[in-house]
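To start, the structure under review is shown below, and the notes come after it.
The values are calculated or read from the model by the stated rules, or taken from the named source; none is laboratory data. Small disclaimer: the values here were computed from a predicted structure and weren't measured. In this analysis, Cβ positions are derived from the backbone assuming ideal geometry, glycine residues included, and neighbour counts consider all displayed protein chains. Ligands, DNA and RNA are excluded from the accessible area calculation, which covers all protein heavy atoms including side chains. Shrake-Rupley method; radii C 1.70, N 1.55, O 1.52, S 1.80 Å.
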Amino acid sequence: LDVTDQLKMIDELLAEGINGLAIAPADNPHMRDRINSLVDAGIPVVTFNADIDDTRRMCFVGQNSELAGRTCAGLLNAITPEHGLVLPISGYQYNHSHALRIKGFCSEIEQSFPKIQTLPAVYCQDDEMLTQELTEETLRQHPDLTAIYIAAGGQAGVCRALERTGYADSVRVICFDLIPNNIRNLLDSRIDFLIGQDAHTQGFMPIMILFDYLFSGKTPENKYYYT
């Protein structure tokens, strides 16, 4: 999700003569300008997994991230003490989906469960080791922590940190992505709730939307295809 790397990759693809682009974009003004310039040049763009506002991309395929964050707040309230303390973990500063998951979660906690306190969100770069370090550091500073909400990758790092520090039975965990390691941790009760987002559809549908447009002239019926 480094915008410089993404822009370089787009240049490489343009040199190969692409007719359409599917991308999980960094949420950055330079990326916004590039997507609009691609559309102006007649190259349709479909975003997936992460969206970007104020562009002329055809449509977005992915999770309704803000609603997912609100859902996680409700689930968390059901399994934590009334006056719980929660650490939200995001991934990248420029990931639109991560930001919306955090926004939805924190706003729902504030509106519906005001007795639950949320710490400032930290960024883990989807890295397990960094996520583990952030979790252990938070537990040292806040031994009364009751839950962790992970809006990004690196979930295994949280589980390891809780095991290492003896908090596995007392700190609740809610996170995303139905990947094998997360499923194992869910079945082993290291994760309490695991939210899927249908990664297969996110990978398949953007290509089919572009295929239908380029070969049949068919434009997508919706601007948002929530998985």
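Quick notes on this one:
- Entry remark, the stretch 187-217: residues being over 23 Å from Asp53 (Cα atoms) and either more than 16 Å from the chain's Cα centre (by Cα) or touching a residue at least 60 places away in the same chain (Cβ under 8 Å) (or both) number 14 in total.
- Flag if Ala121 is out of contact with any Gly (no Cβ under 8 Å at 6 or more places or on another chain), of a type in the set (A, V, I, L, M, F, W, C), open to solvent by less than 100 Å² (accessible area, probe 1.4 Å) and at pLDDT 95 or above: yes
- Unique match (being in a helix (DSSP H, G or I) and touching a strand residue (DSSP E or B) at 6+ places or on another chain (Cβ under 9 Å)) among Ser107, Ser97: Ser97
- Within the stretch 94-112, being surrounded by fewer than 23 Cβ atoms within 10 Å (Cβ to Cβ) and either in contact with a Cys (Cβ under 7 Å, 6 or more places away or on another chain) or polar (S, T, N, Q) (or both) holds for Ser107, Gln111, Ser112.
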